[in-house]
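Below: the structure, in structure tokens.
The values are calculated or read from the model by the stated rules, or taken from the named source; none is laboratory data. Just so you know, these numbers come straight off a predicted model, no measurement behind them. With ideal geometry, Cβ positions are generated from the backbone for all residues, glycine too; neighbour counts draw on all protein chains shown.
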């Protein structure tokens, strides 16, 4: 299996956007992302960590979100009208729910780029999660967030599975010849999600071959 070990905004932006959206809709909290940093291993753990492995079509990696107990207490207070003394079980449940919602939102955005994975049950821990050996050398992008309830961090380490992407996609030029559509229209359809495909590292679009069934060249 051929992996491409790099990270770029096409992979981390969905998690940033999902974090902003989830905290706004779930607790009416605005989240301000700080500048991202790149590391060779996961960052230091906060009090509670939500961890999800990402393993699917065209993608392999993991997502971690770090919370402090005081941050989760403040979220619970917002949700339950002043409830501030949460149990460990309540904090873990909230951490799991937030981790799951953020990953689910990011999954929807990544699927428009041709990356598909199942959302597993989050693993909640008080230490840095154990990373599988084949991902230990993959870069990790860490993004801090600031909110009125406090700070939290997200991390993502993702790599593409080249074999998955190559066997199922064709170039925009080839799709244009088969469908009769212009390259510009195909790219617009890809950006809107009407066509499924993926944006490669060099910003070149590829289209899923099965999408040709939506069109017939006149």
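Name, by its number, the condition in (1) within 30 Å of residue 76 (Cα to Cα); (2) part of a helix (DSSP H, G or I); (3) in contact with a helix residue (DSSP H, G or I) (Cβ under 6 Å, 6 or more places away or on another chain); (4) modelled with pLDDT of 85 or more that does not hold for residue 176.
(1)
Can you name every residue in the stretch 53-90 that is surrounded by 18 or more Cβ atoms within 10 Å (Cβ to Cβ), closer than 21 Å to residue 148 by Cβ and either at pLDDT below 90 or not assigned by TED's automatic domain parsing to the domain that holds residue 124 (or both)?
Within the stretch 53-90, just 86 meets the criteria.
Determine if the stretch 115-123 includes at least one residue that is part of a strand (DSSP E or B), buried (at least 18 other Cβ atoms within 10 Å of the Cβ) and touching a residue at least 40 places away in the same chain (Cβ under 8 Å).
Looking through the stretch 115-123, at least one residue is part of a strand (DSSP E or B), buried (at least 18 other Cβ atoms within 10 Å of the Cβ) and touching a residue at least 40 places away in the same chain (Cβ under 8 Å).
Could you please find all residues in the stretch 80-109 being farther than 16 Å from residue 20 by Cα, in contact with a helix residue (DSSP H, G or I) (Cβ under 6 Å, 6 or more places away or on another chain) and touching a residue at least 12 places away in the same chain (Cβ under 8 Å)?
Those that are farther than 16 Å from residue 20 by Cα, in contact with a helix residue (DSSP H, G or I) (Cβ under 6 Å, 6 or more places away or on another chain) and touching a residue at least 12 places away in the same chain (Cβ under 8 Å): 86, 91, 94.
Test residue 55 against the stated conditions and say whether it is part of a loop (DSSP other than H, G, I, E, B) and either over 14 Å from residue 142 (Cα atoms) or in contact with a strand residue (DSSP E or B) (Cβ under 9 Å, 6 or more places away or on another chain) (or both).
Answer is no for this residue.
Only one of 12, 20 is at negative phi, touching a strand residue (DSSP E or B) at 6+ places or on another chain (Cβ under 6 Å) and modelled with pLDDT of 75 or more; which?
That would be 12, the only listed residue that is at negative phi, touching a strand residue (DSSP E or B) at 6+ places or on another chain (Cβ under 6 Å) and modelled with pLDDT of 75 or more.
Looking only at the stretch 154-169, how many residues end up being surrounded by fewer than 21 Cβ atoms within 10 Å (Cβ to Cβ) and at pLDDT 85 or above?
0
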